[in-house]
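One structure, as structure tokens, below. Some questions next.
The values are calculated or read from the model by the stated rules, or taken from the named source; none is laboratory data. For clarity, every value in this text was computed on a predicted model and none was experimentally measured. Virtual Cβ from ideal backbone geometry, glycine too; neighbours counted across all protein chains shown. SASA here: full protein model, heavy atoms, side chains in, ligands and nucleic acids out. Shrake-Rupley method; radii C 1.70, N 1.55, O 1.52, S 1.80 Å.
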Amino acid sequence: MNPAPESGLSSEDAELVHGLLAGGRRPLAKAITLIESTRADHQARAQKLVEALLPRTGRSIRVGISGVPGVGKSTFIEALGMHLIEGGHRVAVLAVDPSSSVHGGSILGDKTRMESLSQREEAFIRPSPSSGSLGGVAEKTREALLLCEAAGYDVIIVETVGVGQSETAVAGMTDCFVLLQLPNAGDDLQAIKKGIMELADLVVFNKADIDPNAAQMAASQMRGALSMLHPASAHWQPPVLTLSAMQKSGIAEFWQTIERYRDTLSASGDFATRRRHQALAWMWQMIETGLHQRFHEHPGVKSALPELSKLVEDGTTTPAAAAQRLLGLMSRYF
Ligand code: GDP
């Protein structure tokens with residue numbers, strides 16, 4: 001597909017689109033770099049690129065994988081990725097790690113992770129963008145995901161760490177959200193506390209090779225806990241699997257479960273519904289981000305904010321009154 005002339009792409013970007021659609025990893029990486037750039041001209045180009053490629057997106061299965069550091073995410077993704085490639089798939093691995101902007105690295109930043117997978121032509125691995133807020137990171141990852149689909153990757157894995165709100169963001173951009181757990185007593189309860197279990201479409205206990213009995217016990221405890229929750233789809237009760245990423249055992253069964261999930265939810269219509277809801281939620285998030293940005297950039301707000309903040313701190317004016325004033329300043333220009 002050549003982008004239509006009305007897409008407004010420069011010849012350089014049209015070439016980028018062309019290369020990306022031909023499956024080139026380099027043009028894909030370059031396009032994602034544009035998405036991640038904070039420069040306004042890059043952003044404008046990136047938006048046009050994404051729009052031009054939109055008709056070629058949507059044809060992958062998007063799998064979110066979450067778990068605390070050390071649970072074995074990269075070992076698991078590497079084993080899964082290699083299994084999928086053997087089955088004729090092309091696999092893209094993206095990451096959402098809001099902490100990467102704080103400590104400089106990112107969960108996929110370490111080159112030694114997923115060493116065999118990263119050497120395969122059929123795989124594309126991209127570390128988390130480090131653009132600060134979780135919202136920003138998630139937004140860029142969503143767009144990168146679309147570009148990977150246009151480039152012909154039919155399995156997209158989005159990895160995230162088991163801290164903060166990043167799970168919610170990743171569950172909100174994937175078709176199936178997998179929670180990777182360690183078979184240690186108490187872990188399952190931690191997940192319940194954080195409200196993450198409600199997001200899981202599938203729970204996996206890794207490192208089952210260390211103590212298979214403990215893994216089975218943890219799995220059955222988890223099944224009990226999950227059965228008390230209201231499942232996201234009436235057609236799917238989240239299964240609990242045990243496997244060993246290191247020994248590559250249970251990987252094929254894992255993927256069969258993902259396929260069963262996709263087939264079941266496609267048949268019931270829930271698969272498409274979830275994507276529709278995600279698209280709408282994304283739009284609203286963009287609106288909220290845009291409004292937030294406009295508010296802070298508004299000259300009237302900028303000049304009144306310090307004084308009003310002080311009045312609120314001192315108790316001289318109420319938060320509600322100050323908020324009304326500031327929002328009022330903004331609305332004059334709409
Ligand atoms: P991540 O931080 O979640 O990406 O975890 P890693 O994939 O880096 O794994 C953390 C450690 O656990 C590494 O030393 C792995 O070799 C080890 N590990 C990962 N999967 C397994 C497994 O299935 N069994 C055992 N025994 N160790 C594993």
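For I258, all conditions in the list (1) open to solvent by 50 Å² or more (accessible area, probe 1.4 Å); (2) within 21 Å of L202 (Cα to Cα) hold save one; what is the number of the exception?
Among (1) open to solvent by 50 Å² or more (accessible area, probe 1.4 Å); (2) within 21 Å of L202 (Cα to Cα), I258 violates only (1).
Which residue is most open to solvent (accessible area, probe 1.4 Å), if the candidates are limited to segment 112-160 and must be charged (D, E, K, R), in contact (Cβ under 8 Å) with a residue 40 or more places away in the chain and within 16 Å of the ligand (Cβ to nearest atom)?
R126
Here are some residues: K248, K207. Which one is in the same structural domain as E143 (by TED's automatic domain parsing), at pLDDT 95 or above and open to solvent by 80 Å² or more (accessible area, probe 1.4 Å)? It would help to see each step written out before you state the result.
Working: K207 fails: open to solvent by 80 Å² or more (accessible area, probe 1.4 Å).
Selected residue: K248, the only one of K248, K207 that is in the same structural domain as E143 (by TED's automatic domain parsing), at pLDDT 95 or above and open to solvent by 80 Å² or more (accessible area, probe 1.4 Å).
Next up: How many residues does segment 166-194 hold that are farther than 15 Å from P69 by Cα, modelled with pLDDT under 90 and assigned to a loop (DSSP other than H, G, I, E, B)?
2
Limited to segment 31-76, what total is found for residues that are within 16 Å of the ligand (Cβ to nearest atom), out of contact with any helix residue (DSSP H, G or I) (no Cβ under 7 Å at 6 or more places or on another chain) and of a type outside the set (S, T, Y)?
Residues flagged as within 16 Å of the ligand (Cβ to nearest atom), out of contact with any helix residue (DSSP H, G or I) (no Cβ under 7 Å at 6 or more places or on another chain) and of a type outside the set (S, T, Y) within segment 31-76 amount to 7.
Of (1) within 16 Å of the ligand (Cβ to nearest atom); (2) open to solvent by less than 90 Å² (accessible area, probe 1.4 Å); (3) assigned to a helix (DSSP H, G or I), L241 satisfies all except one. Which?
Failed condition: (3).
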